[in-house]
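The values are calculated or read from the model by the stated rules, or taken from the named source; none is laboratory data. As the structure is a computational prediction, the values presented were derived from the model and not from experiment. Cβ: placed from backbone, ideal geometry, glycine included. Neighbour counts: every protein chain shown.
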Amino acid sequence: MPQMPIERTPDSTVALRRNPYGFIAARCREHGSDLFEARILLQKTVCMTGAEAARLFADHDRFERGGASPELLRKTLFGVGGVQGLDGAAHRLRKQAFMGLMGHEQIAALRGLVEDAWRRSARAWALHDEIVFYDEMLEVLTRAACAWAGVPLFEDEVAQRTRELADMFEGAGAVGLRHWRTRIERDQAERWIQDLVEGVGRGLVQPPRHSALSVFAGCRDSDGKLIDARVAAVEVLNILRPTVAVAVYIAFVAHALHEYPECGERIRAGEEGYTAMFVQEVRRFYPFFPAIVARVRRDFEWRGYHFPRGRRVILDLYGTNHDPRTWVEPDEFRPDRFRSWDRSPFNFVPQGIGDHSANHRCPGEWITIELMKLAAEILAGRMHYELPAQDLTIDCQRLPALPRSRVRMRSVQFEA
């Protein structure tokens, strides 16, 4: 049995935090392997990259998610009791509730709400000398996501709820005071939604029948019992938070249109299929969340390497999306590469791996794609603006990564 490559440093947590998007792939190249063992947060951890590693990672018989993510992510990004930490039949049942919200008509309705909120906000942007586009999109998406999910949002609480939802993903990897602030923000948001869930149960709140609030307020477990109101709140937030996080990708759409102006010309020209390819390349090329985590369910061997039960395993998403074995010149921005993509759920993994229903791949992926297409169409042809001098360097030490300036705009005008 071959010896798995091992990092010789006592602990690689600092190195991973300094280079969250590149650490695993870089160390794999140095080891000449798709995987290696390191200590992360003082625990032995197998780090893997590439399509074949992703295919392995999707095997439910070999890996489980429950208890795999570090506590700092469970207490900030995911919440406790949500779908990300479930396995087996419990996961499949809960995932059905999410998948039921992802129909074409429902996503089209969300797109319409985002477009309306964007148009209304743009009227105010036109009155300012300059806006920070990413920050403005956080609010646009908060308004639209709450309306779509059946969550009442009063005008005097928009800023607070936008901050709470954004902090869940912006502060997910933080430590120290920022981590504790993020936990406080999440607790406030969970109590906000829990009150609404309990209000639905008492008949005091009446959301649209097929909205996220209605679905999870009535969601039942495998025993037929209503899930706890706090868990239902976590799941509603698992709709709101990722939708607001699409602001990161929309900022990258604006960045790509600036860096590669020929892309905007092709979008404006209405070239068949091009907007969809452009959006997919933004998702492949730009850094979003770097990796996903699981634990080994039972002892097994892969390629001769031993995986002991309970071992934490990290799959490199960003590195897999930039693997030169799959993607020709992966560090070049080329939307046309998606004309010949084989549509594998293991070599293109910006939002998880495998099948949406069976695996832990984000069910909101279709929402992300549709809202990014809307953003590309608006930014390329329906909203006129200028980018003043600014630092558009992508800060890859930040989680999630963003342009350092968060994309500043001026002279904004939105076409009717």
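Residues of the range 282-307 that are touching a helix residue (DSSP H, G or I) at 6+ places or on another chain (Cβ under 8 Å), in a loop (DSSP other than H, G, I, E, B) and of a type outside the set (Phe, Trp, Tyr): Pro287, Pro290.
Across the range 1-16, which residue is surrounded by the most Cβ atoms within 10 Å (Cβ to Cβ) among those that are under 31 Å from the mean Cα position of the chain (by Cα) and among the hydrophobic types (A, V, I, L, M, F, W, C)? By that ranking, first place goes to Leu16. Annotation: of all residues in the range 189-213 being modelled with pLDDT of 95 or more and among the basic types (Lys, Arg), the one that is nearest to Glu164 (Cα to Cα) is Arg191.
Listed here are the residues, each with its yes/no results for (1) within 18 Å of the chain's Cα centre (by Cα); (2) more than 30 Å from Met409 (Cα to Cα); (3) among the aromatic types (Phe, Trp, Tyr).
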| residue | (1), (2), (3) |
| --- | --- |
| Asp323 | no, yes, no |
| Trp327 | no, yes, yes |
| Arg334 | no, no, no |
| Asp342 | no, yes, no |
| Pro350 | yes, no, no |
| His356 | yes, yes, no |
| Pro363 | yes, yes, no |
| Ile369 | yes, no, no |
| Lys373 | yes, no, no |
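A single entry from Asp116, Asp61, Asp129, Asp135 fulfils the requirement of being among the acidic types (Asp, Glu) and surrounded by 15 or more Cβ atoms within 10 Å (Cβ to Cβ): Asp135.
Say whether the condition of being touching a Ser or Thr at 6+ places or on another chain (Cβ under 6 Å), of a type in the set (A, V, I, L, M, F, W, C) and in a strand (DSSP E or B) is met by at least one residue in the range 36-46. Looking for residues that are touching a Ser or Thr at 6+ places or on another chain (Cβ under 6 Å), of a type in the set (A, V, I, L, M, F, W, C) and in a strand (DSSP E or B), one finds at least one in the range 36-46, hence yes.
How many of the residues making up the range 357-372 are touching a residue at least 24 places away in the same chain (Cβ under 8 Å), more than 17 Å from Val293 (Cα to Cα) and either assigned to a loop (DSSP other than H, G, I, E, B) or not polar (S, T, N, Q) (or both)? Of the residues in that region, 9 qualify.
Within the range 115-130, restricting attention to residues that are of a type in the set (A, V, I, L, M, F, W, C) and in contact with a strand residue (DSSP E or B) (Cβ under 8 Å, 6 or more places away or on another chain), the residue that is farthest from Gln413 (Cα to Cα) is Trp118. Scanning the range 17-32 for residues that are surrounded by fewer than 17 Cβ atoms within 10 Å (Cβ to Cβ), in contact with a helix residue (DSSP H, G or I) (Cβ under 9 Å, 6 or more places away or on another chain) and at pLDDT 95 or above yields Asn19, Ala26.
Yes/no per residue for (1) touching a strand residue (DSSP E or B) at 6+ places or on another chain (Cβ under 6 Å); (2) at pLDDT 95 or above; (3) small (Gly, Ala, Ser); (4) on the phi > 0 side of the Ramachandran plot:
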| site | (1), (2), (3), (4) |
| --- | --- |
| Asp316 | yes, yes, no, no |
| Gly354 | no, no, yes, yes |
| Ser357 | no, no, yes, no |
| Pro363 | no, no, no, no |
| Glu415 | no, no, no, no |
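Go through (1) closer than 21 Å to Leu86 by Cα; (2) assigned to a helix (DSSP H, G or I); (3) β-branched (Val, Ile, Thr) one by one and return the number of the condition Val349 breaks. Of everything listed in (1) closer than 21 Å to Leu86 by Cα; (2) assigned to a helix (DSSP H, G or I); (3) β-branched (Val, Ile, Thr), Val349 misses just condition (2).
Of note, Pro335 satisfies the criterion of being touching a residue at least 24 places away in the same chain (Cβ under 8 Å), out of contact with any Leu (no Cβ under 7 Å at 6 or more places or on another chain) and buried (at least 19 other Cβ atoms within 10 Å of the Cβ). Looking for something more than 20 Å from the chain's Cα centre (by Cα), under 30 Å from Ile184 (Cβ atoms) and at pLDDT 95 or above - is there at least one such residue anywhere in the range 44-66? Yes - at least one qualifying residue is present in the range 44-66.
Can you spot a residue in the range 374-381 that is within 22 Å of Gly270 (Cα to Cα), touching a Ser or Thr at 6+ places or on another chain (Cβ under 8 Å) and touching a residue at least 40 places away in the same chain (Cβ under 8 Å)? For the range 374-381, residues within 22 Å of Gly270 (Cα to Cα), touching a Ser or Thr at 6+ places or on another chain (Cβ under 8 Å) and touching a residue at least 40 places away in the same chain (Cβ under 8 Å): present. Considering each of Lys44, Lys75 in turn, give the residue that is more than 30 Å from Ala149 (Cβ to Cβ), in contact (Cβ under 8 Å) with a residue 40 or more places away in the chain and not hydroxyl-bearing (Ser, Thr, Tyr). From the options Lys44, Lys75, the qualifying one is Lys44.
For Arg8, state whether it is more than 23 Å from Arg297 (Cα to Cα), part of a loop (DSSP other than H, G, I, E, B) and without any contact (Cβ under 8 Å) to a residue 24 or more places away in the chain. Yes; evaluated as a whole, the condition is true for this residue.
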